[in-house]
1. All but one of (1) modelled with pLDDT under 90; (2) over 24 Å from SER140 (Cβ atoms); (3) out of contact with any strand residue (DSSP E or B) (no Cβ under 8 Å at 6 or more places or on another chain) hold for ARG215, so report the exception by its number.
2. Please find, among ILE5, ILE20, ILE30, the residue that is surrounded by fewer than 18 Cβ atoms within 10 Å (Cβ to Cβ), in contact (Cβ under 8 Å) with a residue 24 or more places away in the chain and β-branched (Val, Ile, Thr).
3. For the range 227-247, enumerate the residues that are surrounded by 13 or more Cβ atoms within 10 Å (Cβ to Cβ) and not in a strand (DSSP E or B).
4. If LYS112 satisfies all but one of (1) at pLDDT below 90; (2) assigned to a helix (DSSP H, G or I), what's the number of the condition it fails?
5. Search the range 81-97 for residues being in contact (Cβ under 8 Å) with a residue 24 or more places away in the chain and surrounded by fewer than 20 Cβ atoms within 10 Å (Cβ to Cβ), and hand back the single one that is nearest to LEU50 (Cα to Cα).
6. Check whether at least one residue in the range 191-208 is part of a helix (DSSP H, G or I), in contact with a Gly (Cβ under 6 Å, 6 or more places away or on another chain) and over 17 Å from VAL144 (Cβ atoms), and report yes or no.
7. What is the residue count in the range 33-61 for residues that are touching a strand residue (DSSP E or B) at 6+ places or on another chain (Cβ under 6 Å), part of a strand (DSSP E or B) and aliphatic (A, V, I, L, M)?
8. Going through the range 42-59 one residue at a time, which ones are over 16 Å from LYS100 (Cβ atoms) and touching an Asp or Glu at 6+ places or on another chain (Cβ under 7 Å)?
Amino acid sequence: MKVLIVDDERKIRKAIRSLIEYSSPDVKVIAEANGVKNALEVLNKYHPDLIFLDVRLGDGSGFDLLKNMQSKSIKIVFVTAYDQYAIKAFKFNAIDYLLKPVSEQDLVRSIKRAKEQILFKEEILRSHQGLLDSISKTSSDRMVIRTAEAIHVIQKADIIRCEADINYTLFYLIDGRKIVVSKTLKEFENELKNDGFIRIHRSHLVNINMIKSYRRSNQHKMLLTNGIELPVSVRRREQVLRRLSWI
């Protein structure tokens with residue numbers, strides 16, 4: 001487990017580091033920071049699992065740091081001389097609140113609590129991943145789409161089209177939803193090519209069952225059932241015509 005210590009007093013940082021190294025040799029202190037700005041820079045570089053965080057810092061507060069952190073999965077233990085911030089700390093999902101001077105017993109308890117929460121989360125993720133993999137393998141008419149916010153299990157027949165956006169793919173579904181996924185259209189083309197999908201343009205992959213008409217005049221346009229009209233690229237027109245002739 002990787003630990004970051006954030007305190008504006010060097011002697012406090014040194015004391016916490018010494019306690020960790022003495023009591024928990026399997027825990028690595030990867031960095032120290034003396035303020036909010038410095039801590040944010042360290043966070044982006046080292047990605048710790050646990051932060052021992054003071055409330056009052058030279059350029060702000062520990063709460064300012066938490067508000068500006070991108071990752072919300074890092075475990076937080078407040079270490080402070082003031083007991084009046086405890087309620088606020090736990091509102092920020094701190095796993096512990098230690099008063100200075102920190103005892104070895106309290107520090108070991110906090111580290112144990114952090115480890116337990118991290119292991120529990122990893123176990124849940126492994127279990128969840130196993131379930132999703134099972135769905136993907138046993139059900140050819142469904143697929144799993146992972147985004148930053150959620151994991152979607154969708155029917156392939158519900159996909160109207162997919163659109164490329166650099167290294168992202170936009171899924172348009174029949175219920176009106178649009179799902180943005182951080183994978184390329186080429187990857188989904190390979191996954192869906194045997195399920196009735198055809199690449200009509202470098203930016204467009206469509207469900208053949210959602211095609212309403214294909215006009216070869218007027219620059220070759222394909223009209224879908226949702227009223228959207230898409231271009232068919234010159235290099236793909238022959239392939240598109242062959243696929244449509246099989247329907």
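The values are calculated or read from the model by the stated rules, or taken from the named source; none is laboratory data. In this text the structure is predicted, and so the values were computed from the model without any measurement. Methodologically, a virtual Cβ is constructed for each residue, glycine included, from the backbone with ideal geometry; neighbour enumeration extends over all protein chains shown.
1. The number of the failed condition is (3).
2. Only one candidate qualifies: ILE30.
3. ILE228, VAL232, SER233, ARG236, ARG237, GLN239, VAL240, LEU241, ARG243, LEU244
4. (1)
5. Ranking the qualifying residues of the range 81-97, first place goes to PHE92.
6. Yes - at least one qualifying residue is present in the range 191-208.
7. Total meeting the criteria: 4.
8. GLY58
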